[in-house]
Each structure stands twice: as structure tokens, then as C-alpha cells.
Amino acid sequence: MNSIMEVQGYTLHLHNNELMVEDLELGKRLGYSEPRLIRRLIKNLLESGALRTETVCDTVSQTSPRGGRPSTIYWLNEKAALKVITKSETAMADAITDEIIDVYMAARRGELKPRPQDEVTVPFKRAETVARSTLRLCKMLGTETGMAKAIAVEEVRRVTGLDLSRMIAGNQAEEVPLTPTRLGEVAGISAADMNRVLLHNGLQVKTGPSKYEPTAKGRPFCTLNPYQSPYSEHTDYRPLWFRRVLDVLDLSRFDADAGPAPGESVFAS
């Protein structure tokens, strides 16, 4: 597809001087619970001869970072789109038929306008770069797959402001665990104070300079993740805490003005 145009809320792709609509756009507008299911209908119509091959252009999509089989994307011209809509027999079929007719009539009147691709794609390209880098790092560190997805979504949110959590809702991705710094931000205290709260509430113990380990009481509220110090080549595991730990913490169980407990570092983990 070498040009993307918009008309009356629809995105049309110009291919060989013919305007075509993507299968997934029709699937969504027709009310499919899973828009990709429309591809099965299109494939059946092509195989039965009900759709002529010259009215459809197909391309193979790239696989996801997880791998898997590539999928076929179908691009439909006006006639093919109307045939598919009719054969879908969904509750929205009549309304979408009228919309497609209006869209192509408007296109013939010259009401097309180029889609502002940069406004749409740049943030998502940045998000893709951040997500891929985070997932690669998680894989290298041995992070569990579901947790890696959740961490990648949180990193994308932090860097780009985009919330992609809905995209992984069906994958049962885990809640993103937080460092004491982030947990402290949620609670309205510093990272060092949050470490003291966790310590004095009996959820973690101090095992060395700036090093903590969860207690039996704290383990249900955290996960141990690989960690490399930003100041050296030292690597270790550190507890990251789920937000639900705030429900059991007594934030008054430390004296912020008294300084750290004996032998305790003021630096946060």
C-alpha cells in the first residue's frame, strides 16, 4: 500500500490506483467480537468464487516479537467490501453498507484527504521501540513472560505516555510490580522512607548496604527481579512490590525525622 487516505471517518489505502479498505476495519465496524474472524469469511468467499480475486489484494503481515505464524491481510475494493458486508449477515451489515456507499461516493467527489501519518504513527513507533528493547532485556535477564509484558507496558507508559494495557488484557499479564521509589511516589513518601516502612512493618529485612530481602510476611506482596546497579557491574535480585502491599502497610511505623534505623543505609534500593 503506497498511500493512505481518509474520508468520512474511514481509512482507505490506494493500491494500483484503486481505493481499498482493510479487512480489520470492516470487522470492527461490523461488530465482530474478534475482528480477525472476518478473514475467515473473506477466505471462504475467495475459495468459493463468490469474491473475484481481482477485487481483493492480500499481503502477509509480520509476525509479533513472540513469533508465530504470519497472517494474511485482505484489502478490498468497493465491490468486494460490499459483498463481504452482505455475506457477514451481522446486525450492523445494513448500516455499514450505506456507510461504504457514501464513502466511495465521497471519494469520487474528491473529498479524500491524506491521513496525517506522523501524528498517528510516531508515538506508536516510539512505543514499539521501547517495548521491543524492554522485552529483549527481560528475556536476557530471565524474566517470566507475563511479567515481561507487564514491565514493557509500564515502560512504554513512562516513556511515551501511551497506555497499552488493554492490548495485553486477554493475555493475563501480571500486575506491574514497583520499586520502592515508585511505590513511595504512590504513597506520597520518599524511596528511603518506603524502605523503612517495609522494614518496620516486617515485610523485608536488611541484609547489606542498600540490600533488602522480603520476609515470609512480605513474599505474597512482591516478586524478586534481576537487577544491575547503574553505578557498577554488580548484579543481584531485588524485591519489587505490588500496589496491594499499601493496603497492609502502617505508614506511621517509622519516624521520618529520626533518620535511618541503626545500621540502615539512607539509599533506596
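Overview of values
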read-out	value
Built amide H within the under 5 Å cut-off of residue 210, gap 5+	265
Amide H contacts of residue 20 (H built 1.01 Å from N, under 5 Å, at least 5 apart or other chain)	13, 14, 15
Residue 181 paired with residue 108, simple spin-label distance in nm, labels 7 Å along Cα-to-beta-carbon	6.1 nm
Table column - 3J(HN,Hα) (Hz), segment 43-56, Karplus curve with 6.51, -1.76, 1.60, x for Gly and Pro	4, 5, 5, 5, 5, 7, x, 5, 10, 7, 4, 6, 8, 10
Amide proton proximity set for residue 205, modelled H, under 5 Å, gap of 5+	213, 215
Convex hull volume of segment 4-115 per residue (C-alpha atoms, cubic angstrom)	111 Å³
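Just so you know, all these numbers are worked out from the coordinates, no wet-lab data involved. Computed from a predicted model, the values in this text were never measured in an experiment. Glycine gets a Cβ as well: all are built from the backbone with ideal geometry, and neighbour counts include every protein chain shown.
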